[in-house]
Amino acid sequence: MALLLFLALALVALLAAVGMVTSRNAVHSALFMLVNFAVYAIFYIMLNAQFLGVVQVIVYAGAIVVLFLFVVMLIGGEIGAVRSSLRRYTYAAALILGALFVAMIGLGIAQTISTDQTVAGAPAAGGVEAIGMALFTTYLLPFELASLLLLAGMVGGVARRYKALDED
Amino acid sequence: MVPITYYLILSAVIFTIGAVGVLVRRNAIMIFMCIELMLNSVNLTLVAFANQWGNLNGQIFAFIIMAVAAVEVAVGLAIVMAIVRHKDTTNVDEIHLLKW
């Protein structure tokens, strides 16, 4: 049952990813990305990471996709989609490199963990309480650094905006 | 229960789709979306391993990655907007100020 659900969702995620990369329209790409992120949220819940599943919906499917859609709306999608002659072999080269990369990772996965499928410990419940306990005790320093990073990003975005206003 | 190998292979394939997209697409916003795709597939790997080993370290790691990704998108899209105002293009082939 869980396996069937996984396979169906994996197919949706794969198709959404391919659609995102190949879509000509940037808005369609953003919507495909939204589908992909939503499927990932379900995966997180299937993997006992309930808190991360909710955060995935709020942060990625909510904030980031909306941000992308705003910017696409402001600058009008595909500007300057001129095909340059330097880029003739890009598709073939990228596809070959991608296939090699997947083969490499697949080989690594097959060699290392195909023999041992047992769960090492009891599955940890990733609820708000457990995540909060870990985040505010063991991982307090990374948490504070992340807050500093968020502050820096916010100040940077606002400063960039004021600089652009000054130039007008 | 789904074996962890399936999750790893799925996230490897989606990571590669994102990497191919970064190489193929010329629109700066599309490249950002592909980077988000890659970050997400790494998150899936981390959460799958956290479930496999029965501790929360991978989930915390994925949480921090989400925070970094949010900041990266905000700042990156601000930069794209600034470039569009100056050069009127999002094609990365035409944005080569730092390349000689």
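The values are calculated or read from the model by the stated rules, or taken from the named source; none is laboratory data. Everything numeric here is computed off the predicted structure, so don't read it as measured data. Please note: Cβ atoms are built from the backbone with ideal geometry, for glycine as well, and neighbour counts cover all protein chains shown.
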Tally of residues being more than 7 Å from every other protein chain (Cβ to nearest Cβ), in contact with a Gly (Cβ under 9 Å, 6 or more places away or on another chain) and at pLDDT 90 or above across the range B:8-35: 3
Looking at (1) in contact (Cβ under 8 Å) with a residue 24 or more places away in the chain; (2) more than 7 Å from chain A (Cβ to nearest Cβ); (3) not basic (K, R), which one does B:L77 not meet, given that it meets all the others? (2)
What residue, of A:A38, A:A13, A:A49, is within 7 Å of chain B (Cβ to nearest Cβ), crowded, with 17+ Cβ neighbours inside 10 Å and either at pLDDT 90 or above or under 20 Å from B:V22 (Cβ atoms) (or both)? A:A13
Which of the residues spanning the range A:15-36 are out of contact with any Asp or Glu (no Cβ under 8 Å at 6 or more places or on another chain) and not small (G, A, S)? A:L15, A:V18, A:M20, A:V21, A:T22, A:V27, A:H28, A:L31, A:F32, A:L34, A:V35, A:N36
